[in-house]
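Student: Got a structure for you, questions after.
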Amino acid sequence: MAGGADGAIIGYDVDAVEAWVSERVPALVRPWTWTQLEGGHSNLTYRIDGADGALSAVIRRPPMGELLPKAHDMGREWACISALWDTPVPVAQPLAFCEGPEVTGAHFYVMGLIDGMALYNVEDVESWVPEENRRIMAESWIDTLAELHSLDPDEIGLTDLGKKEDYVLRQVKTWYRSWNASIEAAAIDRATIHELHDLLIETVPEQGPATLVHGDYGTHNVMIGRDARVAAVVDWEIATLGDPMADFAYSLNAWIQADDPLLDPSADAPTLAPGFPTRQEILDRYAAKTGRDMSQLPYYVAFNRFKTACILHGVYARYRNGQKEITAEDLEELRQRVENSITRAEMALADLKAP
């Protein structure tokens, strides 16, 4: 039996979990070998290998301790992969879901193991995707998002995943409250954010039919198979129903280019590796695949920059307020990220106001 670095299997009553799962997934023969996996927004995620080697899977539960409301929602992830399993959007096979805490103190689910790799930096790309296959990977990545946004939530059983109306307005109001609530602790406030908030409220485009939106779609939340194509989209815990253009504009954040303004000299984003198409090519492909009107894209870019600035502002406020430990050097680096996010919001505001 393996586990984390010290061999401990955190957050799971091993005997109880193995017994519960084995009744529902007999192919996972006990005892399992447990191997902790990195990533996944701090959720406790392990690879589990059956004793006879016939089946391997992944088990996932929220972190230990008190959680924010709606955070680390395993039920939402389970609903999404269950609904998407028989669609063109690749996901891990849903195997079993325990919706109560009686087995191991929290809800958890088990899904099939994907032979693939999430890409977090240039080194990941260079070790997994040959340069001649990087365009294949990029096209598969954006085509998968286009497929997701083409699905009707009602037809795949996700009608109740979230409200379908006023997604962007609700998001703008939520993150503006966060900004205002964090001003004192962060000791940072800028007129730009308030002006951008007002303009986003005043000029929100008419929302078309709501689709399933991932909420954090990037190269870090897909598993790239050995053929350089997306083998599975993962981390569905903040997925909801909403405006696909907002989701698409957010995904462009992941497509970093060497000529981007305010790019940190130490930036190590996967798309800085050679061989990838440009952001404009990604945009054009999504537009061609979906037939969506791109004329309002500046609004959605501005919305996402506003949201990013508010998120980083709140994180910085919590660290500065002593709610989380951080070194002085890292705190200063985080402050610079906040300032850069505000500058990017200013640039988006200027674009939005341009005739």
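Student: Return only the number of the condition from (1) buried (at least 16 other Cβ atoms within 10 Å of the Cβ); (2) more than 22 Å from the chain's Cα centre (by Cα) that GLU206 does not satisfy.
Tutor: (1)
Student: Name, by its number, the condition in (1) under 26 Å from ALA16 (Cβ atoms); (2) at pLDDT 95 or above; (3) of a type in the set (A, V, I, L, M, F, W, C); (4) in contact with a Gly (Cβ under 7 Å, 6 or more places away or on another chain) that does not hold for MET64.
Tutor: (2)
Student: With SER341, SER295, SER266 as the choices, which residue is at negative phi, of a type outside the set (A, V, I, L, M, F, W, C), free of Cβ contacts under 8 Å to residues at least 40 places away in the same chain and surrounded by 13 or more Cβ atoms within 10 Å (Cβ to Cβ)?
Tutor: SER341
Student: Follow-up question, since we're still on this one. Quick check on segment 38-49: of everything there that is at pLDDT 75 or above and in contact with a helix residue (DSSP H, G or I) (Cβ under 9 Å, 6 or more places away or on another chain), which residue is surrounded by the most Cβ atoms within 10 Å (Cβ to Cβ)?
Tutor: That would be ILE48.
Student: Would you confirm, using the coordinates I've provided, whether ASP260 is modelled with pLDDT of 95 or more, closer than 25 Å to MET347 by Cα, touching a helix residue (DSSP H, G or I) at 6+ places or on another chain (Cβ under 9 Å) and assigned by TED's automatic domain parsing to the domain that holds ASN340?
Tutor: The answer is no for ASP260.
Student: When you look at TYR176, is it assigned to a loop (DSSP other than H, G, I, E, B), touching a residue at least 40 places away in the same chain (Cβ under 8 Å) and within 29 Å of PRO62 (Cα to Cα), yes or no? Walk me through it before giving the result.
Tutor: Details: assigned to a loop (DSSP other than H, G, I, E, B): no; touching a residue at least 40 places away in the same chain (Cβ under 8 Å): yes; within 29 Å of PRO62 (Cα to Cα): yes.
Considered against the rule, which asks whether it is assigned to a loop (DSSP other than H, G, I, E, B), touching a residue at least 40 places away in the same chain (Cβ under 8 Å) and within 29 Å of PRO62 (Cα to Cα), TYR176 comes out as no.
Student: Right, here's the next one. Which of the residues spanning segment 79-103 are of a type outside the set (A, V, I, L, M) and surrounded by fewer than 19 Cβ atoms within 10 Å (Cβ to Cβ)?
Tutor: As a first pass, look at segment 79-103 and keep what is of a type outside the set (A, V, I, L, M): 80, 82, 85-88, 90, 93-94, 97-102.
Result: SER82, TRP85, ASP86, THR87, PRO88, GLN93, PHE97, GLU99, GLY100, PRO101, GLU102.
Student: Tell me which residues, restricted to segment 242-253, are of a type in the set (Gly, Ala, Ser) and in a helix (DSSP H, G or I).
Tutor: Here is the first cut: in segment 242-253, the residues of a type in the set (Gly, Ala, Ser) are 242, 246, 249, 251.
Passing the criteria: ALA246, ALA249, SER251.
Student: Looking only at segment 214-229, which residues are touching a Gly at 6+ places or on another chain (Cβ under 8 Å) and part of a helix (DSSP H, G or I)?
Tutor: Scanning segment 214-229 gives a single hit, HIS220.
Student: Would you check if ASP247 is touching a His at 6+ places or on another chain (Cβ under 7 Å) and among the acidic types (Asp, Glu)?
Tutor: Yes; evaluated as a whole, the condition is true for this residue.
Student: Which of (1) at pLDDT below 95; (2) within 30 Å of ALA267 (Cβ to Cβ) is the odd one out, the single condition LYS164 does not satisfy?
Tutor: (2)
The values are calculated or read from the model by the stated rules, or taken from the named source; none is laboratory data. What you see is a predicted model; the values in this text were computed from it and never measured. Every residue, glycine as well, gets a Cβ built from its backbone with ideal geometry; the counts of neighbours run over all protein chains shown.
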